[in-house]
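Participant: Please see the structure below; I have some questions.
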Amino acid sequence: MERKQFQLGDVVQMKKAHPCGTNEMEIIRMGMDIRVRCLGCQHSVMIPRAKFESKLKKVLRSAPQGGEQEG
């Protein structure tokens, strides 16, 4: 099974919904742990990468390439 590809700024769909009712999250930090922000209530949570990869269902919207640097 191939690993899902995701990057900083992507909006992803998780297998289980957040308590607020939505299952869409935005990736706001990546490393050994992944920090995601709920798009329903704006709550952010840090998840270990291995757990995040197992709970990820699919990438809904990819971040625009090169648009992260503002100056």
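Participant: Any chance you could look up the accessible area of residue 15 with a 1.4 Å probe, heavy atoms only, rounded to 10 Å²?
Facilitator: Accessible area of residue 15: about 130 Å².
Participant: Right, here's the next one. Can you tell me the dipole magnitude for region 10-70 around its Cα centre, using point charges on the Cβ only (Lys, Arg +1; Asp, Glu -1), in Debye to the nearest 20?
Facilitator: On the way: 11 positive and 7 negative charges, 78 e Å.
Result for region 10-70 is approximately 380 debye, rounded to the nearest 20.
Participant: Give me the percent of the accessible area of region 5-71 that comes from carbon and sulfur atoms, probe 1.4 Å, all protein chains in place. Numbers along the way, then the final one.
Facilitator: Details: 2170 of 4520 Å².
Ligands and nucleic acids excluded, carbon and sulfur give 48 percent.
Participant: Order the peptides 40-48, 17-25 from the highest to the lowest mean number of other Cβ atoms within 10 Å of their residues.
Facilitator: Packing order, densest peptide first, comes out as 17-25, 40-48.
Participant: Let me ask another. Would you mind working out the accessible area per residue for the chain, using a 1.4 Å probe, and quoting it in Å²?
Facilitator: Accessible area per residue, the chain: 72 Å².
Participant: Extending each Cα 7 Å along its Cβ direction at residue 7 and residue 49, get the distance between those two points in nm, one decimal.
Facilitator: So the label points at residue 7 and residue 49 sit 1.6 nm apart.
Participant: A follow-up question, please. Could you list the square roots of 5 times each eigenvalue of the Cα gyration tensor of the chain, that is, the equivalent ellipsoid semi-axes, sorted largest first and rounded to whole Å?
Facilitator: Working through the eigenvalues yields semi-axes of 18, 15, 12 Å.
The values are calculated or read from the model by the stated rules, or taken from the named source; none is laboratory data. What you see is a predicted model; the values in this text were computed from it and never measured. All Cβ positions, even for glycine, are placed from backbone atoms using ideal geometry, and neighbour counts span all protein chains on display. For accessibility, only protein heavy atoms count, side chains too; no ligands or nucleic acids. Shrake-Rupley method; radii C 1.70, N 1.55, O 1.52, S 1.80 Å.
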